[in-house]
Amino acid sequence: MNGLRKWSDRRHGGKRRFYVLATLALGLAACGGTTPSRSATSTSSVPTTEVPVTTTTAALRPTTTTPATTAAPPTAQQIAGQIANTHETTDPNEGFVGSSPVTVSDGSGGYFTAVSALRNPSADGHGALIFFWHNQTFLGWDTNKETWNVMVSADGADAIEATYADYAPGNPACCPALPPVSVTYSWSGTGFAQSRKIPAGAIVGITVSSG
């Protein structure tokens, strides 16, 4: 009986070892089958660089506002510069000195200005010109030859009156025998207009130039 028990124990012990080995083998196989394989995508830690989003907006063109031309009389500097640039043609050293400007309306929102000027230097106190401006644009002189003497004043709201000394032939410089002559100047829309011609007896005859 003891021999049979020992044989039986060996046989059952062998089965138990077989079962244990089989169970371990199945466990390993199961573990091997359920372990997920790591893909290159999931395991690689490739550094990424953020690319900022660029929003393209059409550039706004700067708005240039051109102010409307503002009408204004000539400045003191403009008047002085133009007078300083004028002289007797035959003697550039003989220039002119201006009096106070007289400014009136041009009738359309602008200005019409006259400045009388006297030859400088002047030994006898004669030799005159009138300088005209429309706004700040120089128009020219009343004549390109000096007159004996002239006085300028406003004639109403939109005209300028120039009063010239008028000489008869042979009159001395001190004493004109003819009555003064008045000429009215105004803005015509394209230049200055005058009511009448300057009388011949008012003109000395010395030509002037600019530049």
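The values are calculated or read from the model by the stated rules, or taken from the named source; none is laboratory data. This structure is a prediction, so every number in the text was calculated from the model and none was measured. Here the Cβ is made from the backbone with ideal geometry for all residues, glycine too, and neighbour counts use every protein chain on show.
The table for this structure:
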| item | result |
| --- | --- |
| Any hit, region 164-172, residues being part of a loop (DSSP other than H, G, I, E, B), under 27 Å from GLY110 (Cβ atoms) and over 37 Å from the mean Cα position of the chain (by Cα) | no |
| Residue match in region 94-114 (condition: farther than 21 Å from LYS197 by Cβ, outside any strand (DSSP E or B), touching a Phe, Trp or Tyr at 6+ places or on another chain (Cβ under 9 Å) and among the polar types (S, T, N, Q)) | yes |
| Tabulated pairs, region 134-156, first closer than 14 Å to TRP187 by Cβ and modelled with pLDDT of 95 or more, second among the charged types (D, E, K, R) and surrounded by 17 or more Cβ atoms within 10 Å (Cβ to Cβ), C-beta under 6 angstrom, 6+ apart or interchain | ASP155/GLU161 |
| Residue that is nearest to the chain's Cα centre (by Cα) [pool: residues in region 173-211 that are within 25 Å of VAL104 (Cβ to Cβ) and of a type in the set (Ser, Thr, Tyr)] | THR190 |
| Region 164-191: number of residues that are modelled with pLDDT under 95 and surrounded by 14 or more Cβ atoms within 10 Å (Cβ to Cβ) | 0 |
| Residues of region 108-139 satisfying the condition of being of a type outside the set (A, V, I, L, M, F, W, C), out of contact with any Ser or Thr (no Cβ under 6 Å at 6 or more places or on another chain), closer than 16 Å to THR75 by Cα and surrounded by 14 or more Cβ atoms within 10 Å (Cβ to Cβ) | GLY110, HIS134, ASN135, GLN136 |
| Failed item, numbered, when ARG119 is tested on (1) under 22 Å from THR207 (Cβ atoms); (2) in contact (Cβ under 8 Å) with a residue 12 or more places away in the chain; (3) under 34 Å from the mean Cα position of the chain (by Cα) | (3) |
